[in-house]
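The values are calculated or read from the model by the stated rules, or taken from the named source; none is laboratory data. Remember, it's a predicted structure, so these values are computed and weren't measured experimentally. Positions of Cβ are generated from backbone atoms using ideal geometry, with glycine treated the same way; all protein chains shown enter the neighbour counts. These accessible areas exclude ligands, DNA and RNA; they are computed on the full protein's heavy atoms, side chains included. Shrake-Rupley method; radii C 1.70, N 1.55, O 1.52, S 1.80 Å.
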Amino acid sequence: MIDDGVIKYDRSNFTYSGPLDESLWKDLELWRAKLYSLNLIGEYPTEKVGFGNVSQFIAKQEQVSFVITGTQTGKYAQLDGSLYTIIEGYDLKNMKLFSRGSVEPSSEALTHASIYEANDSIKAVFHIHNTRIWKGMIDNDYPATHEDIPYGTLEMATNVQRIIGDSTHGTIVMKGHQDGVIAYATNLDSCGDLILQLAKKFL
């Protein structure tokens, strides 16, 4: 069963501010396009539900801010500033995100926020979908979220933080989120390389 695409966080704090400046998403888009070409980001053809999302750290003042792909953008081979969003604040406990752009953030944005909050050194988070990678990671005992925790929830966010601990890079398989895999790292290239290593091993 495909469990993806439905926004579970509080959607009332999105501000329409128009397309984001290219400087905010250009480097991230290079990796996003590569993952799309490998069908690790895309859309399930029968359900017409997008999967996969990527984000990049921008700054930290009182809270982390980051740029992330918009909701249901998986079907597009290339994105521009109208399909990226900035997260400018969040309240994990109350499932709230404060964001701006031309499109609402990915349904997984809360999990991305929790990862950046877990360790200040983490600057990139990639979330991909692939059945073979997902099953391979489970079979090989990779770090994993509990199978009874669905995506986009406070439980997922806190479970991911617990797994990360003091780590600055790694991969997590989401047992309760069909095909879902997360990579996090200190920069975009390192994060992307973690995904490519999984693809090389399991595809």
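Side notes on the structure shown:
- You can think of it this way: the chain between LYS201 and ASP21 has 61.2 nm of extra reach, that is 0.36 nm per residue less the Cα-Cα gap.
- Divide the volume of the convex hull around the Cα atoms of the range 98-198 by the residue count and you get 103 Å³ per residue.
- Nearest-0.05 FRET efficiency for ILE138 and ALA77, computed from C-beta distance (R0 30 Å): 0.55
- Calculated accessible area for the range 11-130 comes out at 43 Å² per residue, all protein chains present (probe 1.4 Å; ligands, DNA, RNA ignored).
- Magnitude of the charge dipole, the range 60-177, Cβ model with Lys/Arg +1 and Asp/Glu -1, debye to 20: 220 debye
- Taking amide hydrogens as placed 1.01 Å from N in the peptide plane, the amide H of PHE66 sits under 5 Å from those of ILE58, ILE87, each at least 5 positions away in sequence or on another chain.
- Total formal charge among the other residues, if their Cβ is under 13 angstrom from that of VAL67, Lys/Arg +1 and Asp/Glu -1: -2
- Two-decimal log10 I(q)/I(0) for the range 1-120, as the Debye equation yields it once each C-alpha is a single scatterer, q = 0.16 Å⁻¹: -0.71
- Where only DSSP H runs of four or more residues are counted, the chain gives -9500 deg cm²/dmol as its mean residue ellipticity at 222 nm, each run worth -39500 (n - 2.57).
- Pairwise Cα inverse-distance average, inverted: Kirkwood Rh of the chain (Å): 16.4 Å
- Mean Cα-pair separation over length for the range 46-203, i.e. relative contact order, pairs under 8 Å, 6 or more apart, %: 21 percent
- GNM remark for the chain: springs join alpha carbons under 10 Å apart, and the peak mean-square fluctuation among PHE126, PHE51, PHE14 falls on PHE14.
- Check: the chain dipole with +1 on Lys, Arg Cβ and -1 on Asp, Glu Cβ, in debye: 260 debye
- Atom-type composition of the exposed protein surface of the chain places 47 percent of the accessible area on carbon and sulfur (1.4 angstrom probe).
- The residues of the range 137-203 expose on average 45 square angstrom of accessible surface per residue, using a 1.4 Å probe on protein heavy atoms.
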